[in-house]
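Colleague: Can you keep this structure in mind? I'll have questions shortly.
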Amino acid sequence: MLGRNPFRRYIIAAVANAVDHQPTNQTSTSYTSMAKKMIILMLIVLLCTMYINGQSINGTVSCQHSGRAHSCAAETCIAVGVVLRQNIYSSNCYVIGEPATRGGLTDARWYHIYLPSGKQGFVNGLICAGPVGRCRRTHTPKP
């Protein structure tokens with residue numbers, strides 16, 4: 001039947017072409033191996049990027065008042081430094097801590113800040129504030 005088919009020559013050429021371009025087992029294995037290596041490399045890069053972004057200081061807070069920075073999110077915690085009015089400090093997040101009152105206002109947000117001295121501390125939202133997200137639980141020391 002194939003002998004009478006007008007497309008016989010095209011069919012034979014297509015089959016021959018497909019056979020000629022068929023990868024051998026060794027080539028197929030090396031492509032698979034290379035694809036696996038690329039996927040693993042991309043996953044490593046993705047994980048490193050996620051780790052770096054999770055650890056980065058990506059924000060700031062500005063202080064409307066001067067006050068103390070504490071070792072935890074409460075006024076009863078040890079003071080680790082001082083923040084000054086109209087200054088900007090690096091911050092990566094805030095926590096909900098012990099509410100503090102100042103001038104008749106109360107706020108329970110405490111911003112995790114980095115002082116110029118290299119120390120870290122918490123300052124109440126009535127003193128400093130900024131557009132940073134909430135901290136993960138690992139940032140919340142107990143009073």
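Colleague: Would you say Val132 is modelled with pLDDT under 95 and crowded, with 18+ Cβ neighbours inside 10 Å? Spell out the reasoning first.
Modeller: Values: modelled with pLDDT under 95: yes; crowded, with 18+ Cβ neighbours inside 10 Å: yes.
Here the answer is yes, as Val132 does meet what is asked.
Colleague: Moving on to the next point. Taking the stretch 58-82, which residues are more than 12 Å from Gln120 (Cβ to Cβ), part of a strand (DSSP E or B) and either in contact with a Phe, Trp or Tyr (Cβ under 6 Å, 6 or more places away or on another chain) or in contact (Cβ under 8 Å) with a residue 60 or more places away in the chain (or both)?
Modeller: The answer is Gly59, Thr60, Val61, Ser62, Cys63, Gly67.
Colleague: Taking the stretch 101-115, which residues are closer than 18 Å to Val132 by Cβ and touching a residue at least 24 places away in the same chain (Cβ under 8 Å)? Steps first, please.
Modeller: In the first step, residues of the stretch 101-115 are kept if they are closer than 18 Å to Val132 by Cβ; the result is 107-115.
Correct list: Trp110, Tyr111, His112, Ile113, Tyr114, Leu115.
The values are calculated or read from the model by the stated rules, or taken from the named source; none is laboratory data. Computed from a predicted model, the values in this text were never measured in an experiment. All Cβ positions, even for glycine, are placed from backbone atoms using ideal geometry, and neighbour counts span all protein chains on display.
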